[in-house]
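Structure record follows, encoded as structure tokens.
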Amino acid sequence: QKEVEQDPGPLSVPEGAIVSLNCTYSNSAFQYFMWYRQYSRKGPELLMYTYSSGNKEDGRFTAQVDKSSKYISLFIRDSQPSDSATYLCAMSAGGILTGGGNKLTFGTGTQLKVEL
Amino acid sequence: DGGITQSPKYLFRKEGQNVTLSCEQNLNHDAMYWYRQDPGQGLRLIYYSQIVNDFQKGDIAEGYSVSREKKESFPLTVTSAQKNPTAFYLCASSLDRSTDTQYFGPGTRLTVL
């Protein structure tokens, strides 16, 4: 079983819909959670960063963490065609890798398509 | 403009050849990372470095080598020992060892012919 599970999709929604993207994880030590957006053949772009449980909102995006269920979500309101991309969740226990740096564990990504 | 640059964007290699992928950052970040991305798999860590002249193996280091001679540069060499090198390679950096958020470059697509 993978440490982080993410439905690969594709998820297709009409423009203006509310999108819910999710990840589950098995490592209870994870306490830092990130969402990245990746357009085709581009590098991932950091969208949201949250620590521990709770909600965080930034414009049309809301990140939600439920540590008791080991479940994180990203909600996109009023979805636009420009939101069409692959969304990656990533998480960290906050530990420091041997020799420095920080260990992130990534989901496989969910492909989202917002249609006109 | 601060950011991470990777070159080339596309790279083709014949079997048995070594190739070097470039990664440069002007964010003044201490830590740098190399990941490999394959379809249906999450990003996998190849190598990382926190300071100049020091680097560590990640989860899939076999067949790869790196150097960190300057803070802003972290090139990755894909050697002929890497059995399945065709992939999308991503370089990332973070402010320091205690910072979780990593920022990514645009990636290099390597294809072995």
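The values are calculated or read from the model by the stated rules, or taken from the named source; none is laboratory data. Here the structure is a predicted model, which means the values were calculated and not measured. Cβ coordinates were reconstructed from backbone atoms using ideal geometry, including for glycine residues, and neighbour counts include every protein chain displayed. Surface accessibility is based on the protein's heavy atoms, side chains included, excluding ligands, DNA and RNA. Shrake-Rupley method; radii C 1.70, N 1.55, O 1.52, S 1.80 Å.
Summary table
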{"read-out": "Rg and Dmax [Cα atoms of segment B:1-47; Å; Rg one decimal, Dmax integer]", "value": "13.1, 38"}
{"read-out": "Pairwise centroid distance, computed over Cα atoms, of segment B:1-35 with segment A:64-93, Å", "value": "28 Å"}
{"read-out": "Radius of gyration and maximum dimension Dmax of the protein assembly as shown, Cα, Å", "value": "17.5, 51"}
{"read-out": "Threshold 50 Å², segment B:65-113 residues less accessible with all protein chains present than alone (1.4 Å probe)", "value": "B:ARG97, B:ASP100, B:THR101, B:GLN102, B:PHE104"}
{"read-out": "Separation of the A:SER28 and B:SER73 label points, Cα + 7 Å toward Cβ, nm", "value": "4.8 nm"}
{"read-out": "Where Rh is the Kirkwood radius over Cα pairs, Rg/Rh for segment A:28-115", "value": "0.99"}
{"read-out": "Residues B:SER80 and A:ASN55, FRET efficiency given R0 of 45 Å [Cβ-Cβ distance, rounded to 0.05]", "value": "0.35"}
{"read-out": "Rounded percent of accessible protein surface that carbon and sulfur make up, the protein assembly as shown, 1.4 Å probe", "value": "47 percent"}
{"read-out": "Cα point-scatterer Debye curve for chain B, base-10 log of I(q)/I(0) at q = 0.11, 0.13, 0.18, 0.23 Å⁻¹", "value": "-0.31, -0.43, -0.84, -1.35"}
{"read-out": "Student exercise, segment B:59-110 dipole from Lys, Arg, Asp, Glu Cβ charges, in Debye to nearest 20", "value": "160 debye"}
{"read-out": "Anchor A:LYS56: aspartates and glutamates whose Cα lies under 14 Å away (excluding residues fewer than 8 positions away in-chain)", "value": "A:ASP66"}
{"read-out": "Rounded accessible area per residue of segment B:32-75, 1.4 Å, Å²", "value": "45 Å²"}
{"read-out": "Accessible area buried between chains A and B, both sides summed, probe 1.4 Å, in Å² to nearest 100", "value": "2100 Å²"}
{"read-out": "Charge dipole magnitude, Cβ of K and R +1, D and E -1 - segment A:1-103, Cα centre, debye nearest 20", "value": "260 debye"}
{"read-out": "Listed residue (B:PRO85, B:ILE4, B:LEU27) projecting farthest to the positive dipole end of segment B:1-94, Cβ model", "value": "B:PRO85"}
{"read-out": "Farthest toward positive dipole pole in chain A [+1 Lys/Arg, -1 Asp/Glu at C-beta], among A:TYR36, A:LEU21, A:GLN111", "value": "A:TYR36"}
{"read-out": "Across A:LYS2/A:LYS103; A:LYS2/B:LYS9; A:LYS42/A:LYS113, pairs whose alpha-carbon gap is larger than 21 Å", "value": "A:LYS2/B:LYS9"}
{"read-out": "10 Å Cβ neighbours from other chains, averaged over peptide B:41-49", "value": "5"}
